[in-house]
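Here's the structure we're looking at; comments come further down.
The values are calculated or read from the model by the stated rules, or taken from the named source; none is laboratory data. Keep in mind the model is a prediction, meaning the values are calculated, not measured. Backbone-built Cβ (ideal geometry, glycine too); neighbour counts: all protein chains shown.
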Amino acid sequence: MNVLLLGPQGSGKGTQAKRIEADYGIPHIATGDMLRAVMEQGTELGKRVRPIVESGQLVPDELMIDLIRDRLGEVDAEGGFVLDGFPRTLPQADALDGMLAEIVRTLSIVFEFQLADDVCRERMHRRAELEGRTDDTPEVIERRLSLYHEQTEPLVTHYRVAGNLVGIHADRAVDEVFAEVQEALDQVAARTA
């Protein structure tokens, strides 16, 4: 099962992705974590992406597609994946669709985590305090929310047209949100069995 998570930062995508990974045995591929890892390793790639990530801008599409293609080629992703943090723009969605077609995979389901901006801000501020994340400053949070509305929200229509989009009300308790996610995943699994 190949799962894509959409939604603004703070909507709970990472939390739900980890639950899906644990319950369904498919890896959570968080592009933000992948980028933070290369930055921590101090690789050439890490040095190139650090200023982009820390300013709240988007990493170039070709670079992200290459990172994702490599990750999907690993053994643990053979049975499926949960992709979180990419695509964020229509050109990225087109690039992802093309790359998945090349490796003969399709998205089974796309979840759109719906959450009001004020709740997103509150959750991201709390995350910054708890995790000490330098990329969750008030300025960067506002830039990310703005970018989400301008560039990522149009993907909702893109995937709705594809017929695999499921909206999730993300302003509830984690277990309630996951129960709705599980129900949708189980329906997809039953259809493809």
query: What number goes with the only condition from (1) polar (S, T, N, Q); (2) crowded, with 21+ Cβ neighbours inside 10 Å; (3) touching a strand residue (DSSP E or B) at 6+ places or on another chain (Cβ under 9 Å) that THR31 does not pass?
result: (2)
Per-region count, region 13-39, residues of a type in the set (S, T, N, Q) and in contact with a Phe, Trp or Tyr (Cβ under 8 Å, 6 or more places away or on another chain): 2
- prompt: In region 102-134, how many residues are in a loop (DSSP other than H, G, I, E, B) and under 19 Å from GLY163 (Cα atoms)?
  reply: 5
message: I'd like the full set of residues that are in contact (Cβ under 8 Å) with a residue 40 or more places away in the chain, crowded, with 17+ Cβ neighbours inside 10 Å and over 17 Å from the mean Cα position of the chain (by Cα), limited to region 34-69.
response: none
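Condition check ((1) touching a strand residue (DSSP E or B) at 6+ places or on another chain (Cβ under 6 Å); (2) not acidic (Asp, Glu)) across all residues:
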residue: GLU129; (1), (2): no, no
residue: SER146; (1), (2): no, yes
residue: PRO154; (1), (2): no, yes
residue: THR157; (1), (2): no, yes
residue: ASN164; (1), (2): yes, yes
residue: GLY167; (1), (2): yes, yes
residue: ASP171; (1), (2): no, no
residue: PHE178; (1), (2): no, yes
- prompt: In region 77-95, which residues are among the aliphatic types (A, V, I, L, M), buried (at least 21 other Cβ atoms within 10 Å of the Cβ) and within 14 Å of ASP61 (Cβ to Cβ)?
  reply: ALA93
field: Within region 147-159, considering residues that are surrounded by 11 or more Cβ atoms within 10 Å (Cβ to Cβ), within 19 Å of SER11 (Cα to Cα) and of a type outside the set (S, T, N, Q), the one modelled with the lowest pLDDT
entry: LEU147
task: Examine region 30-44 for a residue that is modelled with pLDDT of 90 or more and among the basic types (Lys, Arg), and state whether such a residue exists.
output: no
Residue satisfying condition, being over 16 Å from ASP118 (Cβ atoms), touching a Gly at 6+ places or on another chain (Cβ under 7 Å) and not β-branched (Val, Ile, Thr), within set ARG143, ARG133: ARG143
- request: Would you check which residues across region 135-144 are assigned to a helix (DSSP H, G or I) and crowded, with 20+ Cβ neighbours inside 10 Å and list them?
  value: VAL140, ILE141, ARG144
task: Would you confirm whether any residue within region 163-174 is modelled with pLDDT of 95 or more, part of a helix (DSSP H, G or I) and either closer than 19 Å to GLY14 by Cα or not polar (S, T, N, Q) (or both)?
output: yes
statement: Result of the Cβ filter at 7 Å on region 107-128, keeping first residues that are closer than 24 Å to VAL3 by Cβ and partners that are in a helix (DSSP H, G or I) and basic (Lys, Arg), at least 6 apart or interchain, is PHE113/LYS13
